[in-house]
Each structure stands twice: as C-alpha cells, then as structure tokens.
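Novice: Mind looking over this structure? Questions follow.
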Amino acid sequence: MAEKPRVAIFDFTGCEGCELNQLNFEDQLLDILAHVDIVEWREAMDDRAAEYDIAFVEGSLSTPDCITRINDIRRRTKVLVALGACAVQGGINGMKNTQAIEEVREEVYGEDKYLFPTLPALALHEVVKVDYNVRGCPMTQIEFLKLFTSLVMGKQPIEPDHAVCVDCKLKENECVYERGMICLGPVTRAGCDAQCPSVGQYCTGCRGLVTNPNLSGMEEILVEHGLSVDEAWKRLELYNANDLEGAR
Amino acid sequence: MVQFYLDAERLPAFVAHLMAQKTVIAPHAKGQKSFTFETVAEPDQVVLDYPRVMQSIRKFFLPPKEELLTFDLTENSYETTEVEPIDAIFLGVHSYDVAAVGRLDYNFSVGSPEKNYLTRRQGAVFVGVSFVPDSYHFSGSVNIRPEDPTGCDIFLTKLFEGYVLEVHTPTGEELIKGFDMPAHDAGRPATGHFQQHIYVPQTRLSEIMEQSYDNDVWAETAEQCVGCGTCNLVCPTCYCFNVDEAVDVTVTKGHRERHWDGCMLRKFSEVAGGEVFRESLAGRQRHRIFRKFKYISDTTGQPWCVGCGRCTAACPAHISIVGIVNRLISDHAQAVVAPI
Amino acid sequence: MNLNEFLPTIEPENLYAPVMAEITEIKRLTSMEVFYRIELPDGAELGHQPGQFVEVSIFGVGEAPFSISSSPTHKGSFELGVRKAGMLTDVMTRLQPGTKLGIRGPFGTGVDVEKFKGKDVLIVAGGIGLVPMRSMINYVLDRREDFGRLIICYGSRSEQDLLFTDEIAKWEADPKVEFHVTVDQGGEGWKGNVGVITTLVPGLDLDLTNTACCVCGPPIMYRFVLMALKSKGLSDESIYMSLERRMKCGVGKCGHCQINSSYVCQDGPVYHYPDLKNLQEAL
C-alpha cells in the first residue's frame with residue numbers, strides 16, 4: 001500500500017474498555033503504528049480530521065445525537081469497523097431495551113429526565129452499514145490483530161462462526177459445566193480462543209451468538225442445569241438482548 | 001506370552017524406569033474431575049485409574065493446531081514445516097483409544113498418504129491399561145474389550161492393588177529389562193461389565209443405517225442439539241480439519257495453520273458465495289453417525305466408533321450416541337416385523 | 001503386535017506444499033469473473049483431465065479449489081475462470097500478471113473422455129458452470145474426429161454475464177458445433193432465447209442411443225436439468241454431472257467436500273449420474 005491508511009477511533013455509549021484495550025497492545029503497538037496514521041482519537045490525542053480510510057467505533061447508539069454522529073462518521077470513512085460488544089450487537093446496554101424506555105429514563109435521571117433524550121441502545125449495524133466487527137467485551141485483542149492485518153493486506157477478514165466449545169476442545173479445557181458452572185459457550189461465537197473458560201470462568205456470551213443458534217435447545221440446557229426459564233433468557237440477553245428481541 | 005505382577009506401589013518406579021529410556025506420555029489429572037495425556041515430569045503424577053481422558057492420544061499425531069508451512073510475504077515464498085516422529089512411550093492408554101489410533105492410521109494412509117501424520121506416528125510405543133466401564137463406555141458393543149491388548153507392546157490389567165503386566169512384543173521385552181517383577185501365572189481377571197450396549201452386533205449396523213436415512217430421530221435430536229461441535233472435537237476417530245492463514249502483525253510473514261474442524265459445525269460445508277450444503281442440524285447429526293457406523297465401515301468392515309463414550313459424556317445437551325443408534329435399531333426391527 | 005506394524009512403509013510426499021506458478025495473462029470476463037492463464041515452473045504441464053480442479057493459494061490470504069478451464073490439449077499453460085465470491089477471489093481479482101500463485105493438483109476425477117468417444121457430446125452449462133465445461137468443449141474441438149456431434153446448451157443470468165464471449169462467437173460460427181444459449185433476463189438488444197436453461201432442452205434433436213451428456217452449473221440447476229434431460233429420453237447412464245463442494249484439501253482428508261460417503265475431491269467433481277443415485281445429499 002503506497003500511503004498509510006488514515007485511521008480514526010470513536011466512542012459512543014460504552015465503558016471505553018475496548019479503546020483502552022487497544023492501547024494495551026504493548027508488544028504490537030509499534031508494529032501497528034508502522035502501518036497506519038492515526039488521525040483522530042479522543043482518548044489519546046487532540047487532532048481532528050475530515051476523512052478517514054478506517055474508522056473504529058466503540059459503543060452503542062443510545063441518544064439522537066449518537067445517530068447524527070455515526071451518520072457523519074459513516075460519510076467520512078471508507079471502512080467502518082464496530083469495536084466490541086456494544087457496537088457490534090448492542091451489548092450490555094441492550095438490556096435497557098427489555099424495559100419500558102420511560103421507566104428507564106425515570107430510574108436513571110429522576111426529575112431531570114426531560115433534559116436527557118434517550119433511545120433504545122442500538123448496535124451500529126442497526127443504523128449504518130458496518131463493514132467488519134471485532135467482537136467481545138472488551139473487544140478481543142487477537143481478533144483485532146487479525147482484522148488489522150487483513151485490512152493492511154487488503155483482504156476481507158474472516159469472522160468466526162463456530163461455538164466457543166470448539167476453542168475449549170482444541171485447548172483441552174475442562175468443561176466449566178464439570179465445575180458446576182453455567183456457560184453460554186455452546187451458542188456463543190468463538191474467536192476469543194476461549195479466554196474465559198481457559199482460566200476457569202464461564203462464558204457470558206459477550207461475543208454474540210453463532211448464526212442460526214438453536215435457542216430452545218440452549219434454553220433446555222440452561223434449565224437442566226438449574227436456571228428457571230426466565231433466568232436462562234436473562235443470561236442469554238446479557239449481551240444479546242437486541243439479537244434476541246422476540247425470540248423468547 | 002510372559003506375565004508379571006506389578007504392585008501399585010511400584011508404579012512410580014516403573015514409570016521412572018520407562019522414563020530412563022524414552023519420553024513417557026501418560027494420563028494426569030486436570031481441573032476438578034478431568035484427565036489428560038501429558039509428558040510425564042514426575043512419575044507419581046501419573047494416573048492409571050481414570051474413566052477417560054478429555055482428548056485421546058490423537059492430539060499428539062494430529063495436533064489440534066499445526067503449522068503446515070511458513071511464508072514470507074515480501075518474497076512470496078514458503079518453506080514447509082518439517083515434523084518429527086513422536087518417539088515416546090504412551091503409558092496407560094485404554095484399548096478403545098489404541099483402536100482409534102489404528103482407525104486414524106487407515107485414514108491417513110489410504111489414498112494419498114499424509115506425511116505429517118505418518119511421520120509423527122513413527123516410533124510410538126504403547127503400554128495399555130484396562131479400564132472399568134463407566135456409564136458412558138460402550139466399546140464392548142464395537143468388539144473392543146476393556147482388557148483388549150491389541151496394538152500394545154505391554155498391557156496392564158488391574159488386579160486388586162496392582163496390575164497383571166503382559167509383554168506382547170520384543171519392544172515390550174526391551175522396555176522391562178532391568179525392572180524386576182514377580183512372575184504371574186494366574187491369568188488375567190475379567191474386568192467390569194458395560195452399562196451401555198448397542199443392541200445388535202456391529203456387523204448389522206451398516207444395514208440398519210441404510211434403512212434409517214429418513215428416521216425421525218435426526219430431527220428429534222436436532223431439537224436438542226445446539227451444533228456446538230463438541231462431539232466431533234472430542235471423538236478419537238474424527239480427523240476432519242480446516243486450514244487458515246495466520247499473518248504476523250508486521251504483515252511480512254506468517255504461517256499456514258491447520259486445525260481440527262467438525263461436520264456438526266454449520267460452516268463446515270459452506271462454499272464460497274455462502275451456500276451451506278448441510279444446513280440442517282438433523283442432516284449434520286445423521287452425517288456424524290453415518291460416518292461412525294456406515295460410510296467408512298462399508299469399505300473397511302469396521303465401525304469407526306470405538307465406544308469411548310466421549311461424545312455423549314461431553315455433550316452439553318446430553319445427546320447419547322448409543323441412544324440414537326439403539327433407537328434406529330428398534331425402529332428398524334419394528335419396521336421389519338410390522339404388517340405391510 | 002504393535003500398532004505401528006500396520007503403518008505403510010513408504011515415504012510420503014508433502015501433500016500440502018504448493019508449486020509456485022506464474023500468472024501470465026489476466027482478462028476480465030464480466031463484472032464478476034476474471035480469466036487467468038497460469039504457467040508452471042520450467043514449462044511443466046499440469047497434466048489434467050477436463051473437469052478436474054486445482055487448489056490455488058495466496059500466502060496470507062488462503063487457499064481454495066478452482067475448476068480448470070483449459071483443455072489438456074492446450075499445452076504450456078492452464079487457465080482458470082474465477083468468480084469473485086470470497087476473500088481469496090476478491091484478492092485474486094486485484095493481482096497483476098507476473099504474480100506467482102501457489103498451485104496444488106490437479107485433483108479429483110474429471111470427465112472420463114473415453115466414455116464420450118464416438119458419441120455425440122451434449123454439454124449443459126449454467127452460469128459459471130461453463131468454466132469447467134469449456135475444458136471439455138475445447139478438448140472435443142481439438143480431437144474432433146474422436147467424437148460425434150458437439151451440442152452445447154449454455155444458460156446465463158443476462159447478456160452481461162455471458163462468459164468467454166469471444167469463444168462463444170467462434171462456437172456459434174463453427175458448423176460442427178451446435179451452440180444454444182439462453183439468458184434468464186433478456187435486455188434491450190438481446191435477440192436470443194430468454195428463459196432458464198431447461199427451456200433449451202426440449203428443442204434439441206438428439207440421437208438418444210448415442211449421446212453422452214455432461215452437466216455443470218449452480219446447485220439449484222441440477223434437479224431441473226435432470227428432469228428435462230430424462231423427459232427428453234436420455235438414459236441415466238448417458239448423464240455425467242460435475243458438482244461443487246468445499247474441496248479444501250483436495251486429497252480426501254479434510255472432510256469438507258463429502259456428499260454422504262463420497263469425497264467430491266476424490267470421486268468427483270464429475271460423477272456418473274447412476275452413481276449419484278446412492279448419494280442422497282448430492283442433488
């Protein structure tokens with residue numbers, strides 16, 4: 001590539017953990033910077049730019065202002081990458097959408113609620129065209145690196161579409177169900193190298209669901225391991241409320 | 001054949017004796033309830049009394065992830081990655097896992113023999129151990145007994161507080177040289193009974209499968225199955241794989257990597273453009289079961305399931321392979337006797 | 001007996017090591033399809049049969065199967081016709097002549113040309129199915145005396161999607177080729193047949209006792225073409241079909257291309273139709 005791609009990084013409704021995760025590439029940060037020019041990044045610099053080749057966007061869209069801004073970013077960028085669970089599938093913020101929006105406003109802002117217009121928390125793809133996803137909460141570093149090298153090489157990144165169980169079996173992890181935990185690995189999209197189960201933690205489903213998940217089958221598994229039907233769905237909805245709307 | 005008695009207390013000494021000759025790979029405890037084959041560092045960490053390891057010893061010959069070649073992107077050149085024989089003693093292998101290696105040997109020898117697998121397979125020495133069938137084992141139904149020494153250089157059969165040690169090959173004789181054990185001449189004890197059975201001899205299964213293509217059990221199983229692929233990935237005779245490119249963050253070099261794959265996964269049959277040729281979970285279940293009891297078996301005369309019970313034990317939805325097969329058998333029996 | 005005693009004693013070659021071959025010509029066929037001519041090092045011949053495929057790889061991008069489009073009678077290079085349908089093909093369309101690709105193969109069972117000799121050859125190609133069938137067509141044209149009539153039915157989505165238009169013009173002009181073409185959607189200026197490929201079959205004048213037919217196209221096409229051919233009166237024994245699956249390794253190991261018990265990369269991609277009847281997943 002003759003000129004380095006100009007990269008911008010933006011945040012919407014989220015904890016900014018994904019961006020911090022980006023700064024955390026201690027071993028690879030210099031290699032990454034060798035390939036790109038970062039032209040806008042509120043968390044790390046003051047400059048602003050008019051156009052970008054790649055925009056990395058973190059967070060979900062939850063106010064009218066967010067919608068205006070994301071449309072603006074989409075117009076300015078050639079490639080838009082959703083970064084992390086909030087941006088990819090609405091994430092934790094999506095839980096808000098399972099409740100009445102007026103009640104949510106009341107609960108959060110009290111009598112000032114009319115000062116803060118709010119929308120259901122939306123994934124980026126629900127408003128603009130998203131080219132690629134880096135999933136996870138926070139976004140999965142190894143997946144970010146794969147996407148990054150793909151973009152530098154000018155090839156489409158491969159998005160994994162198999163369950164976390166596969167990665168656990170490849171690593172010969174003891175199944176966390178054996179430890180009495182309840183895990184969403186069987187229907188959650190892999191690509192994280194089964195990070196959590198590898199350290200004895202159950203999968204919370206932060207990377208979203210596989211394509212065509214068998215949800216009633218998963219509900220059965222969760223209920224069989226002691227959850228009520230309601231608890232089972234709440235567990236599934238933790239990161240996937242938007243994708244599961246109407247699925248119960 | 002010579003038999004000795006190996007007292008359980010002398011097991012660490014026996015392991016140390018083997019370690020003095022070659023690398024020893026044996027079962028170890030892992031996690032809270034599980035077991036895994038690892039290279040032995042401390043003889044007393046070896047566990048010979050275990051129900052099953054999470055992954056069979058296939059993982060040494062066909063690693064879960066394996067570099068096939070390395071490439072240089074600036075030069076557009078590559079070098080194949082050379083592999084070495086696993087010159088080790090596999091201690092404490094159950095009969096069904098030895099049988100499974102034999103099945104894989106066939107798959108990687110037939111047609112186009114595969115260098116990486118066959119190179120790794122050179123030099124392995126097998127010291128088998130009998131097992132007590134638990135509620136998942138059913139290898140007896142595919143003609144593999146818990147005390148079957150086939151393929152082993154040495155075989156250990158549990159007897160009270162020790163093992164009857166049988167030497168089956170000249171390699172085995174060499175291995176025990178210098179390790180004194182009392183001779184044993186009371187034969188071998190029969191090991192425990194299986195709690196799970198396939199109802200008919202395995203020789204009839206292919207014919208029953210033939211009649212079961214449209215059985216309701218596939219769709220019914222698909223309601224429970226979440227398509228996670230666990231059954232494929234823990235199966236000691238599954239060998240399907242995919243190949244991906246791993247590029248270094250400098251974008252100047254990388255490697256081509258193969259990793260285990262499974263026919264229960266949706267993307268397995270996907271072609272460029274997005275068409276998925278085995279989209280339904282029912283069709284995928286049928287393919288899995290037919291691969292174990294019909295497709296390869298029609299050519300080789302042997303079931304490609306060795307009855308270890310891993311797929312059932314590890315399935316989050318508790319789908320039982322024996323349950324599916326027996327259902328096909330009973331439906332077939334009813335279909336045969338039912339009035340037309 | 002140790003298990004190892006059953007292992008083969010041969011020293012196997014590395015099945016996954018590609019040969020680096022040079023792209024010598026690139027031509028756009030349509031907005032989606034690109035033509036590549038490729039030369040193996042030291043003027044080596046690929047040595048394929050019509051209907052076989054190769055595995056093409058670009059380091060860091062990936063490897064995928066492609067049908068060989070040139071006839072083995074055409075020496076010195078081989079040709080591919082590639083549709084932009086995935087990551088690898090997307091990158092391929094941006095390559096320049098002179099670039100080297102990794103090539104493995106040829107693989108699979110192609111058209112058994114001996115079975116076609118002395119017979120009228122009927123080719124039914126839908127869309128990109130013309131790419132592998134072109135190999136057979138040119139084989140027949142180069143060995144014209146070995147075969148009877150050459151009848152080609154080619155269906156395409158639209159006029160703009162027609163592949164190898166230069167060669168089509170030659171086939172249309174050749175008195176020894178009976179070339180029929182149809183498009184699903186006829187645009188302005190299209191004077192030919194409009195309709196799906198099966199609409200070409202009823203009008204064919206075939207010698208049913210001496211015709212061998214080869215079919216290749218998108219998955220949806222086969223069942224309908226088969227019905228049309230059978231109602232025309234062609235016997236099952238006279239029909240061959242080239243099937244697409246995900247032939248990842250090409251050597252009968254990785255499992256992706258299986259149709260029931262059959263590995264497409266070994267037993268196919270060209271199957272004799274009677275053999276397909278036992279493979280429920282095939283069509």
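The values are calculated or read from the model by the stated rules, or taken from the named source; none is laboratory data. Just so you know, these numbers come straight off a predicted model, no measurement behind them. Don't worry about glycine lacking a Cβ; one is built from the backbone with ideal geometry, like all the others, and counts go over all protein chains shown.
Novice: Hey, among C:Leu226, C:Leu243, which residue is farther than 20 Å from B:Ser269 by Cα and either more than 9 Å from chain B (Cβ to nearest Cβ) or not acidic (Asp, Glu) (or both)?
Specialist: Values: C:Leu243 fails: farther than 20 Å from B:Ser269 by Cα.
The match here is C:Leu226.
Novice: Go through region A:152-194 and give me each residue that's touching a residue at least 40 places away in the same chain (Cβ under 8 Å), surrounded by 23 or more Cβ atoms within 10 Å (Cβ to Cβ) and more than 7 Å from chain B (Cβ to nearest Cβ).
Specialist: Answer for region A:152-194, where residues must be touching a residue at least 40 places away in the same chain (Cβ under 8 Å), surrounded by 23 or more Cβ atoms within 10 Å (Cβ to Cβ) and more than 7 Å from chain B (Cβ to nearest Cβ): A:Val164, A:Leu184, A:Arg189, A:Gly191, A:Cys192.
Novice: Against the definition (basic (Lys, Arg) and modelled with pLDDT of 95 or more), how does B:Lys115 come out, yes or no? So that I can check it myself, show each step before the final result.
Specialist: Values: basic (Lys, Arg): yes; modelled with pLDDT of 95 or more: yes.
Against the criterion (basic (Lys, Arg) and modelled with pLDDT of 95 or more), B:Lys115 qualifies.
Novice: Within region B:245-265, track down each residue that is over 24 Å from the mean Cα position of the chain (by Cα), in a strand (DSSP E or B) and either within 9 Å of chain C (Cβ to nearest Cβ) or within 14 Å of C:Arg246 (Cβ to Cβ) (or both).
Specialist: Start the filter on region B:245-265 by keeping residues that are over 24 Å from the mean Cα position of the chain (by Cα), which leaves B:245-256.
From the residues that got through so far, the ones that are in a strand (DSSP E or B) too are B:245-247, B:253-256.
Scanning region B:245-265 gives B:Glu245, B:Ala246, B:Val247, B:Lys253, B:Gly254, B:Arg256.
Novice: With a cut-off of at least 1 residues that are modelled with pLDDT of 90 or more, name the strands (runs of 3 or more DSSP E) lying wholly within region A:1-89.
Specialist: Working: elements: A:6-11, A:37-41, A:52-58, A:77-83.
Answer list for region A:1-89: A:6-11, A:52-58, A:77-83.
Novice: Return yes or no: is B:Phe293 in contact with a Pro (Cβ under 8 Å, 6 or more places away or on another chain), among the aromatic types (Phe, Trp, Tyr) and assigned to a helix (DSSP H, G or I)?
Specialist: Working: in contact with a Pro (Cβ under 8 Å, 6 or more places away or on another chain): yes; among the aromatic types (Phe, Trp, Tyr): yes; assigned to a helix (DSSP H, G or I): yes.
Taking the combined requirement at face value, the residue satisfies it.
Novice: Let me ask something additional. Tell me which residues, restricted to region C:254-277, are more than 15 Å from C:Glu237 (Cβ to Cβ), more than 10 Å from chain B (Cβ to nearest Cβ) and surrounded by fewer than 24 Cβ atoms within 10 Å (Cβ to Cβ).
Specialist: Scanning region C:254-277 gives a single hit, C:Asp267.
Novice: Considering only residues of region C:213-223 that are out of contact with any Gly (no Cβ under 6 Å at 6 or more places or on another chain) and crowded, with 22+ Cβ neighbours inside 10 Å, which is nearest to the other protein chains (Cβ to nearest Cβ)?
Specialist: Quick first cut of region C:213-223, residues out of contact with any Gly (no Cβ under 6 Å at 6 or more places or on another chain) only: C:213-215, C:219-220, C:222-223.
The next check asks that each one be crowded, with 22+ Cβ neighbours inside 10 Å; those that pass are C:213-215, C:222.
Working: C:Cys213: 24, C:Cys214: 20, C:Val215: 17, C:Tyr222: 13 Å.
Here the answer is C:Tyr222.
Novice: Considering only residues that are farther than 20 Å from A:Gly180 by Cα and assigned to a loop (DSSP other than H, G, I, E, B), which ones fall in region A:207-232?
Specialist: Within region A:207-232, the first condition is being farther than 20 Å from A:Gly180 by Cα, and the residues that meet it are A:207-216.
The answer is A:Arg207, A:Gly208, A:Val210, A:Thr211, A:Asn212, A:Pro213, A:Asn214.
Novice: Please state which one of B:Thr70, B:Thr74 is assigned to a strand (DSSP E or B), on the phi < 0 side of the Ramachandran plot and either within 14 Å of another protein chain (Cβ to nearest Cβ) or free of Cβ contacts under 8 Å to residues at least 40 places away in the same chain (or both). Please lay out each step first, then the result.
Specialist: Details: B:Thr74 fails: assigned to a strand (DSSP E or B).
Being assigned to a strand (DSSP E or B), on the phi < 0 side of the Ramachandran plot and either within 14 Å of another protein chain (Cβ to nearest Cβ) or free of Cβ contacts under 8 Å to residues at least 40 places away in the same chain (or both) holds for just one of B:Thr70, B:Thr74, which is B:Thr70.
Novice: Look at C:Phe53 and say whether it is farther than 18 Å from C:Gly129 by Cβ, more than 9 Å from every other protein chain (Cβ to nearest Cβ), crowded, with 21+ Cβ neighbours inside 10 Å and touching a helix residue (DSSP H, G or I) at 6+ places or on another chain (Cβ under 9 Å). Don't jump to the end; show me each part of the working.
Specialist: Working: farther than 18 Å from C:Gly129 by Cβ: no; more than 9 Å from every other protein chain (Cβ to nearest Cβ): yes; crowded, with 21+ Cβ neighbours inside 10 Å: yes; touching a helix residue (DSSP H, G or I) at 6+ places or on another chain (Cβ under 9 Å): yes.
Spelling it out, it is not the case that C:Phe53 is farther than 18 Å from C:Gly129 by Cβ, more than 9 Å from every other protein chain (Cβ to nearest Cβ), crowded, with 21+ Cβ neighbours inside 10 Å and touching a helix residue (DSSP H, G or I) at 6+ places or on another chain (Cβ under 9 Å).
Novice: I need every pair where a residue in region B:92-111 that is within 11 Å of another protein chain (Cβ to nearest Cβ) and more than 16 Å from B:Asn143 (Cβ to Cβ) has its Cβ under 6 Å from the Cβ of a residue that is hydroxyl-bearing (Ser, Thr, Tyr) and part of a helix (DSSP H, G or I), sequence separation at least 6 or different chains.
Specialist: B:Phe108/B:Tyr117
Novice: Same structure, new question: Checking B:Gly178 against (1) surrounded by fewer than 16 Cβ atoms within 10 Å (Cβ to Cβ); (2) of a type outside the set (Asp, Glu); (3) within 30 Å of B:Arg10 (Cβ to Cβ); (4) in contact with a Phe, Trp or Tyr (Cβ under 7 Å, 6 or more places away or on another chain), which single condition isn't satisfied?
Specialist: (4)
Novice: Being within 11 Å of chain C (Cβ to nearest Cβ) and either over 24 Å from B:Lys115 (Cα atoms) or assigned to a strand (DSSP E or B) (or both) is the filter here; which residues of region B:50-66 pass it?
Specialist: Passing the criteria: only B:Glu66.
Novice: Can we say B:Phe293 is at the interface with another protein chain (Cβ under 7 Å from one of its Cβ atoms), under 27 Å from the mean Cα position of the chain (by Cα) and among the aromatic types (Phe, Trp, Tyr)?
Specialist: No; evaluated as a whole, the condition is false for this residue.
Novice: Mind telling me which of the residues B:Phe268, B:Phe194 ends up being out of contact with any Leu (no Cβ under 9 Å at 6 or more places or on another chain), part of a loop (DSSP other than H, G, I, E, B) and at pLDDT 95 or above?
Specialist: On the way: B:Phe268 fails: part of a loop (DSSP other than H, G, I, E, B).
None of the other options fit; the residue is B:Phe194.
Novice: Sticking with this structure for a sec: From the list B:Gly128, B:Gly123, B:Gly92, exactly one residue is farther than 22 Å from B:Lys158 by Cβ and among the small types (Gly, Ala, Ser). Which is it?
Specialist: Details: B:Gly128 fails: farther than 22 Å from B:Lys158 by Cβ; B:Gly92 fails: farther than 22 Å from B:Lys158 by Cβ.
Testing whether each residue is farther than 22 Å from B:Lys158 by Cβ and among the small types (Gly, Ala, Ser) leaves just B:Gly123.
Novice: Any chance you could count how many residues in region B:197-230 are surrounded by 14 or more Cβ atoms within 10 Å (Cβ to Cβ), in a loop (DSSP other than H, G, I, E, B) and free of Cβ contacts under 8 Å to residues at least 40 places away in the same chain?
Specialist: 1
Novice: Testing B:Arg278 on (1) in contact (Cβ under 8 Å) with a residue 12 or more places away in the chain; (2) touching a strand residue (DSSP E or B) at 6+ places or on another chain (Cβ under 7 Å); (3) surrounded by 18 or more Cβ atoms within 10 Å (Cβ to Cβ); (4) within 9 Å of chain C (Cβ to nearest Cβ), one condition comes back false. Which one is that?
Specialist: All conditions pass for B:Arg278, except number (2).
Novice: Let me ask you something else. Taking the conditions exactly as written (modelled with pLDDT of 95 or more, out of contact with any Pro (no Cβ under 6 Å at 6 or more places or on another chain) and over 30 Å from A:Cys183 (Cβ atoms)), does B:Arg286 satisfy them or not? Even if it seems obvious, please write down each step before you answer.
Specialist: Working: modelled with pLDDT of 95 or more: yes; out of contact with any Pro (no Cβ under 6 Å at 6 or more places or on another chain): yes; over 30 Å from A:Cys183 (Cβ atoms): no.
When the stated conditions are applied, B:Arg286 does not pass them.
Novice: Could you tell me whether A:Gly110 is within 17 Å of the chain's Cα centre (by Cα) and either buried (at least 18 other Cβ atoms within 10 Å of the Cβ) or away from every other protein chain (no Cβ under 14 Å) (or both)? First the steps, then the outcome.
Specialist: Working: within 17 Å of the chain's Cα centre (by Cα): no; either buried (at least 18 other Cβ atoms within 10 Å of the Cβ) or away from every other protein chain (no Cβ under 14 Å) (or both): yes.
No, not satisfied.
Novice: For B:Gln334, work out the one condition from (1) more than 12 Å from chain C (Cβ to nearest Cβ); (2) assigned to a loop (DSSP other than H, G, I, E, B); (3) out of contact with any strand residue (DSSP E or B) (no Cβ under 6 Å at 6 or more places or on another chain) it doesn't fulfil.
Specialist: (2)
Novice: Is it true that some residue in region B:244-254 is of a type in the set (A, V, I, L, M, F, W, C), out of contact with any strand residue (DSSP E or B) (no Cβ under 8 Å at 6 or more places or on another chain) and under 27 Å from B:Asp214 (Cβ atoms)? Break it down into steps so the answer makes sense when it comes.
Specialist: Going residue by residue through region B:244-254, those that are of a type in the set (A, V, I, L, M, F, W, C) are B:246-247, B:249, B:251.
Now restrict to residues that are out of contact with any strand residue (DSSP E or B) (no Cβ under 8 Å at 6 or more places or on another chain): B:249, B:251.
Remaining after also requiring under 27 Å from B:Asp214 (Cβ atoms): none.
No: region B:244-254 contains no residue that is of a type in the set (A, V, I, L, M, F, W, C), out of contact with any strand residue (DSSP E or B) (no Cβ under 8 Å at 6 or more places or on another chain) and under 27 Å from B:Asp214 (Cβ atoms).
One line per residue, one yes/no per condition, for (1) assigned by TED's automatic domain parsing to the domain that holds B:Val142; (2) β-branched (Val, Ile, Thr); (3) surrounded by fewer than 19 Cβ atoms within 10 Å (Cβ to Cβ):
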residue	(1), (2), (3)
B:Glu66	no, no, no
B:Asp72	no, no, yes
B:Ile89	yes, yes, no
B:Gly92	yes, no, no
B:Val98	yes, yes, no
B:Arg103	yes, no, no
B:Asn107	yes, no, no
B:Gly111	yes, no, yes
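Novice: Let me spell it out: the conditions are (1) under 16 Å from the mean Cα position of the chain (by Cα); (2) in a helix (DSSP H, G or I), and B:Thr299 meets all of them except one. Which number is the exception?
Specialist: Just one mismatch for B:Thr299, condition (1).
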